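See structure below.
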Amino acid sequence: MNEKTMNTHCIVIHGGAGTIIKSLMTAEMETAYRAGLKAALDQSEEILRKGGCALDAVEAAVTVMENNPLFNAGRGSVFTHEGKNEMDASIMCGQSLKAGAVSGLSHVKNPVQLAREVMEYSEHVFLCGKGAEEFAISRKLAMEPESYFFTQPRYDQLMQIRDSGKTQMDHSAPVEKPPSKKIGTVGAVALDRMGNLAAATSTGGMTNKMFGRVGDTPIIGAGTYANNNSCAVSCTGHGEFFIRAVVAHDVSCLMEYGKYTLADACQEVVNKKLLSMGGEGGLIALDRKGNVSMVFNSEGMYRGRKESGKESEVFIYKD
């Protein structure tokens with residue numbers, strides 16, 4: 001990809017990566033996923049087109065996907081071993097380097113919105129569990145009962161492996177069939193007309209997870225990072241590896257200090273560093289010149305982009 005020389009507004013999103021097998025993807029399911037991605041792109045790009053800020057755009061894109069039960073975030077979140085939903089999210093401003101993150105949520109309708117509230121209306125970066133939900137109530141965010149987050153396909157996923165003692169990524173096929181793994185996370189990165197970057201990520205975690213496990217999504221520098229001096233990044237993958245590799249910040253550092261291009265930095269981290277550790281997944285990234293990178297080392301990644309003056313583009317597989 002040639003590096004651009006002019007600023008423009010742009011939104012890039014992902015809806016999870018993994019072993020997404022074409023033969024197990026029905027036409028109806030693929031149409032639904034593509035429509036869900038396009039809806040998120042179009043709503044967030046409208047904000048940018050009207051002169052809105054990158055933070056508003058990434059929050060809007062992730063909110064749309066949190067409200068769509070197809071994606072493992074918000075309403076579509078997977079279940080823990082106890083049959084509960086535990087959601088995580090984060091957001092970061094590339095101009096100020098301010099960030100907000102939340103984890104262990106069970107009742108907040110849109111975790112990404114709470115992450116934004118933490119960033120802007122608290123003295124902290126990261127709130128978790130009961131305290132985070134108390135803060136959400138104090139900020140008058142929408143709260144929902146546990147029944148709101150119940151979806152039968154997600155519950156069926158839990159029942160298949162609940163007694164196995166193992167966790168599982170967001171599978172779209174029964175475990176007795178060939179693996180069709182979708183590592184469930186949603187995220188967005190944006191560039192606004194002022195030249196500012198932002199990133200946001202949200203997830204329901206891993207099916208059958210125990211012991212209060214938290215992945216990379218709410219960890220600034222691992223699953224989410226934005227810096228106007230380099231790029232904005234949102235990750236999706238096996239969170240433990242992304243934490244150990246500090247993936248999002250590593251891409252930024254390669255650009256800021258190593259003078260890598262966006263494309264080269266993303267390839268170095270995802271297809272060299274992560275692979276050498278055994279980590280699976282991908283990321284989306286965007287720099288201030290409007291260069292886009294959507295890199296993954298799995299079979300597929302739900303992803304899309306919309307640049308100023310262009311039509312929305314959505315993709316699932318490597319081709």
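Looking for something of a type in the set (Asp, Glu), farther than 20 Å from Lys318 by Cα and touching a residue at least 12 places away in the same chain (Cβ under 8 Å) - is there at least one such residue anywhere in the range 266-286?
First, the residues of the range 266-286 that are of a type in the set (Asp, Glu): 268, 280.
Now drop any that are not farther than 20 Å from Lys318 by Cα, which leaves none.
Scanning the range 266-286 turns up no residue that is of a type in the set (Asp, Glu), farther than 20 Å from Lys318 by Cα and touching a residue at least 12 places away in the same chain (Cβ under 8 Å).
For the range 268-279, the condition holds for at least one residue, the condition being that it is within 16 Å of the chain's Cα centre (by Cα), crowded, with 24+ Cβ neighbours inside 10 Å and closer than 18 Å to Val189 by Cβ.
From the list Lys272, Lys306, Lys310, exactly one residue is farther than 29 Å from Ala32 by Cβ and among the charged types (D, E, K, R). Which is it? If you could, list the steps in order and put the result at the bottom.
Numbers: Lys306 fails: farther than 29 Å from Ala32 by Cβ; Lys310 fails: farther than 29 Å from Ala32 by Cβ.
Sole residue among the options that is farther than 29 Å from Ala32 by Cβ and among the charged types (D, E, K, R): Lys272.
Take Leu48 and decide whether it is in contact with a Cys (Cβ under 7 Å, 6 or more places away or on another chain) and assigned to a helix (DSSP H, G or I).
Details: in contact with a Cys (Cβ under 7 Å, 6 or more places away or on another chain): no; assigned to a helix (DSSP H, G or I): yes.
The answer is no for Leu48.
Restricting attention to the range 127-166, and to residues there that are among the acidic types (Asp, Glu) and farther than 19 Å from Glu66 by Cα, which single residue is modelled with the highest pLDDT? Break it down stepwise before answering.
Filtering the range 127-166 down to residues among the acidic types (Asp, Glu) leaves 133-134, 144, 146, 156, 163.
Going one step further and asking which of them are farther than 19 Å from Glu66 by Cα, we end up with 134, 156, 163.
Working: Glu134: 98, Asp156: 80, Asp163: 62.
So the residue we want is Glu134.
Taking the criterion of being of a type in the set (S, T, N, Q), under 27 Å from Gly195 (Cα atoms) and either surrounded by fewer than 18 Cβ atoms within 10 Å (Cβ to Cβ) or over 17 Å from the mean Cα position of the chain (by Cα) (or both), the residues of the range 86-131 that qualify are Gln95, Ser96, Ser122.
How about the range 133-155: which of its residues are part of a loop (DSSP other than H, G, I, E, B) and farther than 10 Å from Ser106 by Cα? Walk me through how you get there before you give the answer.
Our first condition is that a residue be part of a loop (DSSP other than H, G, I, E, B); within the range 133-155, this holds for 139-142, 144-145, 150-151.
Correct list: Arg139, Lys140, Leu141, Ala142, Phe150, Thr151.
For the range 271-319, name all the residues that are within 30 Å of Glu46 (Cβ to Cβ) and among the aliphatic types (A, V, I, L, M).
Narrowing the range 271-319 to residues within 30 Å of Glu46 (Cβ to Cβ): 281-296, 300-319.
Scanning the range 271-319 gives Leu283, Ile284, Ala285, Leu286, Val292, Met294, Val295, Met301, Val314, Ile316.
Residue-level analysis places His14 outside the set of residues that are under 26 Å from Tyr260 (Cβ atoms), modelled with pLDDT of 95 or more and over 17 Å from the mean Cα position of the chain (by Cα). Each residue in the range 242-265 was checked for being surrounded by fewer than 21 Cβ atoms within 10 Å (Cβ to Cβ) and in contact (Cβ under 8 Å) with a residue 40 or more places away in the chain, and 2 pass.
Has the range 83-91 got any residue that is at pLDDT 95 or above, more than 23 Å from Asn228 (Cα to Cα), of a type outside the set (Gly, Ala, Ser) and out of contact with any Ser or Thr (no Cβ under 8 Å at 6 or more places or on another chain)? Within the range 83-91, none of the residues are at pLDDT 95 or above, more than 23 Å from Asn228 (Cα to Cα), of a type outside the set (Gly, Ala, Ser) and out of contact with any Ser or Thr (no Cβ under 8 Å at 6 or more places or on another chain). Scanning the range 35-91 for residues that are among the hydroxyl-bearing types (Ser, Thr, Tyr) and in contact with a strand residue (DSSP E or B) (Cβ under 7 Å, 6 or more places away or on another chain), we see that the one that is nearest to His107 (Cα to Cα) is Ser77. Checked against (1) surrounded by 24 or more Cβ atoms within 10 Å (Cβ to Cβ); (2) at pLDDT below 95, Glu45 passes all but condition (2). Within the range 17-29, the set of residues being in a helix (DSSP H, G or I) and either modelled with pLDDT of 95 or more or touching a strand residue (DSSP E or B) at 6+ places or on another chain (Cβ under 7 Å) (or both) comprises Lys22 only.
The values are calculated or read from the model by the stated rules, or taken from the named source; none is laboratory data. Values in this document were obtained by computation on a predicted structure and should not be read as measured data. Every residue, glycine among them, receives a Cβ derived from its backbone with ideal geometry; neighbour counts consider all protein chains shown.
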